[in-house]
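See below for the structure under consideration.
The values are calculated or read from the model by the stated rules, or taken from the named source; none is laboratory data. Computed from a predicted model, the values in this text were never measured in an experiment. Glycine gets a Cβ as well: all are built from the backbone with ideal geometry, and neighbour counts include every protein chain shown.
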Amino acid sequence: MTHGTQQIFGYSDRFAARPGQSLSFHISCENVDSYKASIVRLRHGFTGEAGPGFLEAEIPSDIEGNYPGRRYTCQPGSYVEVPDEKGILDSLEELSIEIDIFPTLPQGMRSGNFGAYHVTQNSFGSTSVFQALLGNWSAATQEGYALILDEGRPAFIWSDGIKACRLCLDSPVQAHQWYRLAVRISTSKGTIYLEQNPIRNIMNRCSDQATGFQAESTSVEISEQRFGSASPFRIGGLARRDGDRWLPTNTFNGKIGGITIKRGGSDATPQDLVAAWHFGRSVRTDGLLLREVIDESPNMLHGRCYNAPTRGVTGSNFAGLTDDFRLVPDEYDAIHFHDDDITDAQWPAAFTFEVPGDLSSGVYAAKLTSEHAEYYIPFFVRAGEKKAQIAVLFSTATYLAYGNDRIAFEANGAEIIVSRTPIIDRGDLVLQDHPEFGRSCYEIHNDGTGVVFGSVRRPILTLQPKHRAWFQAEGVWGLPADLCIVHWLEMMDLGFDAITDEDLDREGYGLLQDYKVLITGSHPEYVTRNEIGAIDEFTSRGGRLMYLGGNGFFATVSFDPEEPSLMELRRSDGGTRPHQSPYGDQRHTTSGEIAGLWRNKGLPPQRLVGVGFAAQGFDKCTHYERLEDSHNPIARFVFEGIGADEQIGAFGIMGGGAAGAEIDCYQPVLGSPPGTLVIATSGPLSDAYLLAAEEVYESIPGIGGTEQPSVRSDIVLCPLHGGGAFFSVGSIAFTASLSHNGYDNNVARMTGNVLHRFLRPEPIDVIV
């Protein structure tokens with residue numbers, strides 16, 4: 001019999017698979033002896049009374065059955081691990097270690113730290129919280145060695161074969177300053193020497209007399225020492241044993257670089273080099289900095305990054321003139337580690353699902369249930385050899401950007417954002433109880449720097465198909481909002497093929513060329529350059545695009561070319577953003593793209609879909625009103641069955657209207673193409689809707705919905721040369737109005753009119 005609250009959590013190894021391919025599912029249970037697993041097709045995501053409710057269909061599969069409930073630790077903390085089969089790093093005889101550090105949380109955290117630090121009574125007589133810089137120290141066996149920060153003070157720990165020993169400086173290092181640490185071990189003289197020196201560079205603009213910036217050193221005599229350990233050698237943290245796994249522990253917050261290990265003390269020659277890790281150099285011809293870390297010594301002790309520490313960050317040699325790590329790798333010899341980085345929980349696979357050859361493309365989930373717990377792991381089945389006429393682009397990059405969003409609890413001004421007290425549901429509370437599952441890209445790390453990576457390979461509670469966003473009094477967001485499109489297509493008896501952002505980024509236009517119509521989800525906010533190029537080519541070659549969302553094609557993301565389950569999202573110094581990376585750290589290491597809004601890089605969404613982000617507000621949504629262009633003969637098909645003065649979408653399960661939440665407007669100055677018809681615009685919006693930050697050049701009043709004419713959502717239609725076209729609604733709330741009154745409403749009618757016309761071969765500007 002189990003006791004306590006039952007919970008089931010899990011994730012898949014990736015978002016999507018084709019028929020014949022397999023996905024692995026990784027499950028951890030709390031107070032659950034066993035659970036049932038099955039495969040379901042997700043049909044509709046809203047659980048409220050308005051609309052069709054939550055809908056799913058069970059799919060017979062080989063994985064169906066009962067499984068034992070096992071619990072696995074999810075341990076955050078990023079690090080580099082260095083395989084050392086020959087034990088080269090075990091011997092410290094006549095060795096010197098030098099390392100540059102830029103601590104961002106030197107004192108560490110005693111609580112709320114995801115277990116990254118361990119407060120223990122150690123054998124050198126004190127209770128200490130420490131962060132490891134490098135080493136193979138094992139607390140369990142009291143073997144090995146490590147260079148650490150002991151409550152901010154540089155220290156070296158090792159074993160004399162009986163007990164742990166420690167050599168520690170008196171002064172703690174200060175946050176956000178570069179230091180050079182050195183450890184010199186002379187077994188012939190029987191001494192260990194430790195020193196720290198502040199580094200003078202453009203980031204450390206402090207005088208030599210500034211408090212805490214003096215050089216300091218100390219030494220100790222040693223007799224016996226034992227540096228070997230069964231624990232792996234790591235940079236940025238240490239390892240602790242958990243069954244068959246080595247989990248991260250005592251992980252560091254800050255940058256590390258400039259590491260060299262030499263044998264021979266002060267008389268060492270280049271031939272005495274044991275290891276020299278260069279964090280700014282790449283093993284790839286394109287110069288991207290992914291998981292592999294280069295050792296430039298003859299020993300080739302190359303390392304590998306885990307839990308995605310941030311690379312492509314400025315090191316102690318940064319000159320401040322170039323922001324591309326590929327051009328000046330010596331200035332980017334640094335990695336930024338965080339104690340709360342988590343991109344792979346590394347749980348063992350509970351079961352593997354091979355996608356049957358006859359399973360239609362769509363949105364599915366592994367459904368896990370026990371007596372008192374339920375959990376879904378959504379995934380997408382891609383098209384097989386037979387293609388539909390319609391493709392739906394699911395915004396998996398946006399799902400990852402918002403993944404495990406805790407803004408309602410942790411962001412300053414959450415109430416101001418939504419103009420009321422945030423609505424919290426059970427899922428939000430569960431997420432607060434499990435900070436080890438990591439944060440969204442809208443939040444900051446424990447050390448105050450922005451989160452820049454999202455990953456499939458961890459539990460994402462905000463991806464549950466029944467999830468409700470905290471900033472909506474009711475309604476849908478993310479995947480549940482996009483399931484509104486899925487059910488709408490089902491009700492029209494129109495099949496579709498599901499594609500994801502990472503699919504389109506990797507395969508480009510070739511993935512789209514067989515389709516007549518491409519439909520976006522409700523919030524395709526984050527996309528790659530390859531996606532924009534593929535969609536632009538699709539419409540240029542006669543494809544029709546239905547942009548059924550708001551704040552789309554807005555900002556830059558990249559997918560790791562070696563691990564597409566990992567997405568990178570850095571923030572630049574312009575536009576609407578929850579935080580920003582400092583100058584020099586704004587370029588994606590997974591693609592080389594500079595971070596930021598596409599409009600600031602010459603690819604505004606207005607050029608692609610006619611509208612672009614204008615404002616956001618979360619109190620109430622509104623309707624649309626027809627404009628003069630709606631009576632143009634070219635647009636006549638859009639409004640068949642809709643009255644000339646009829647308000648469109650004065651209803652919906654998101655804020656009570658089809659226009660709202662995050663909205664876009666027509667802007668020729670930013671590239672809305674000539675010939676674009678503005679056929680409808682939003683009704684009144686409140687002053688809770690504020691003009692987007694990128695449209696505000698000075699701090700002035702008058703940017704609310706009742707004051708600023710640019711705070712609006714526009715619906716546009718644009719025929720393109722070559723037979724292509726786009727139809728854009730410019731509102732995240734739009735899809736939540738489709739199901740009103742059993743789909744017998746003017747939003748569903750208008751959208752259906754467009755889809756049926758887009759499926760016909762005649763050019764849109766030909767009246768049929």
Kindly provide the set of residues from the stretch 235-294 that are aromatic (F, W, Y) and either at pLDDT below 95 or assigned to a strand (DSSP E or B) (or both), ordered by number. W246, W277
Can you find, within the stretch 487-543, the residue that is farthest from F453 (Cα to Cα) among those that are of a type in the set (D, E) and part of a loop (DSSP other than H, G, I, E, B)? D493
For the stretch 25-41, which positions are buried (at least 16 other Cβ atoms within 10 Å of the Cβ) and outside any loop (DSSP other than H, G, I, E, B)? F25, H26, I27, S28, C29, E30, Y35, A37, S38, I39, V40, R41
So N600 passes all but one of these: (1) within 30 Å of A688 (Cβ to Cβ); (2) buried (at least 22 other Cβ atoms within 10 Å of the Cβ); (3) not aromatic (F, W, Y). Which condition number does it fail? (2)
Taking the residues in the stretch 64-103 that are in a strand (DSSP E or B) and among the aromatic types (F, W, Y) as candidates, determine which candidate is nearest to P435 (Cα to Cα). Y79
Of residues in the stretch 275-322 being of a type in the set (D, E) and within 25 Å of P564 (Cα to Cα), the one nearest to the chain's Cα centre (by Cα): E292
Going by the conditions given, is A345 crowded, with 22+ Cβ neighbours inside 10 Å, among the hydrophobic types (A, V, I, L, M, F, W, C) and under 29 Å from G543 (Cβ atoms)? no
Six or more apart or on different chains, Cβ under 6 Å: which pairs go from a residue in the stretch 286-299 that's touching a residue at least 60 places away in the same chain (Cβ under 8 Å) to one that's of a type in the set (D, E, K, R)? Could you list them? G287/R326; L289/R311; L290/E562; R291/R304
Give all pairs with beta carbons closer than 8 Å in which a residue from the stretch 629-643 that is without any contact (Cβ under 8 Å) to a residue 60 or more places away in the chain and at negative phi meets a residue that is of a type in the set (F, W, Y) and surrounded by 14 or more Cβ atoms within 10 Å (Cβ to Cβ); count only pairs at least 6 apart in sequence or on separate chains. S630/F639
Could you check the stretch 591-612 and list, in sequence order, the residues that are out of contact with any Lys or Arg (no Cβ under 8 Å at 6 or more places or on another chain) and not in a helix (DSSP H, G or I)? L597, G602, P604, G610, V611
Considering every residue within the stretch 42-63, establish whether at least one is without any contact (Cβ under 8 Å) to a residue 60 or more places away in the chain, closer than 30 Å to L194 by Cα and outside any helix (DSSP H, G or I). no
Has the stretch 56-64 got at least one residue that is at pLDDT 95 or above and under 25 Å from V293 (Cβ atoms)? no
Does the stretch 684-731 hold any residues that are closer than 23 Å to G652 by Cα, in a loop (DSSP other than H, G, I, E, B) and among the aliphatic types (A, V, I, L, M), and which are they? L685, A688, V711, V729
Count of residues meeting criterion [buried (at least 19 other Cβ atoms within 10 Å of the Cβ) and in a loop (DSSP other than H, G, I, E, B)] in the stretch 732-768: 4
Taking the stretch 644-696 and the residues there that are hydroxyl-bearing (S, T, Y) and in contact with a Lys or Arg (Cβ under 6 Å, 6 or more places away or on another chain), the one that is surrounded by the fewest Cβ atoms within 10 Å (Cβ to Cβ) would be T681
Of the residues in the stretch 577-610, those that are modelled with pLDDT under 95 and of a type in the set (F, W, Y) come to Y583
Residues that are among the hydroxyl-bearing types (S, T, Y) and either at positive phi or surrounded by 22 or more Cβ atoms within 10 Å (Cβ to Cβ) (or both), drawn from the stretch 540-549: Y547
If a residue has to be touching an Asp or Glu at 6+ places or on another chain (Cβ under 6 Å) and over 29 Å from W488 (Cβ atoms) to count, how many in the stretch 11-49 make the cut? 2
Quick check on this structure: which one of S395, S419 is buried (at least 24 other Cβ atoms within 10 Å of the Cβ) and not acidic (D, E)? S395
Leading residue by the ranking (surrounded by the most Cβ atoms within 10 Å (Cβ to Cβ)) among those in the stretch 505-534 that are among the polar types (S, T, N, Q) and out of contact with any Cys (no Cβ under 8 Å at 6 or more places or on another chain): T520
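Here's the yes/no breakdown for (1) within 30 Å of N66 (Cα to Cα); (2) in a loop (DSSP other than H, G, I, E, B); (3) out of contact with any Asp or Glu (no Cβ under 7 Å at 6 or more places or on another chain):
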site	(1), (2), (3)
R304	no, no, no
V313	no, yes, no
A319	no, yes, no
D330	no, no, yes
A345	yes, yes, yes
F353	yes, no, yes
Kindly provide the set of residues from the stretch 166-175 that are of a type outside the set (A, V, I, L, M, F, W, C) and surrounded by 16 or more Cβ atoms within 10 Å (Cβ to Cβ), ordered by number. R166, P172, Q174
Can you tell me which residue is farthest from V638 (Cα to Cα) among those in the stretch 697-717 that are buried (at least 24 other Cβ atoms within 10 Å of the Cβ) and among the hydrophobic types (A, V, I, L, M, F, W, C)? V711
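Residues are listed down the side, and each one gets a yes or a no for (1) of a type in the set (S, T, Y); (2) in a loop (DSSP other than H, G, I, E, B):
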position	(1), (2)
F553	no, yes
E562	no, yes
M567	no, no
S572	yes, yes
P578	no, yes
State which residue is surrounded by the most Cβ atoms within 10 Å (Cβ to Cβ) when the search covers only the stretch 430-456 and only residues that are outside any loop (DSSP other than H, G, I, E, B) and among the aromatic types (F, W, Y). F453
Quick one: in the stretch 476-502, of everything that is more than 25 Å from G438 (Cα to Cα) and not hydrophobic (A, V, I, L, M, F, W, C), which residue is farthest from the chain's Cα centre (by Cα)? D493
Residue match in the stretch 613-627 (condition: buried (at least 22 other Cβ atoms within 10 Å of the Cβ), at negative phi, in a helix (DSSP H, G or I) and polar (S, T, N, Q)): no
When residues of the stretch 69-91 are limited to those that are over 20 Å from P248 (Cα atoms) and either in contact with a Pro (Cβ under 7 Å, 6 or more places away or on another chain) or basic (K, R) (or both), the one modelled with the lowest pLDDT: K86
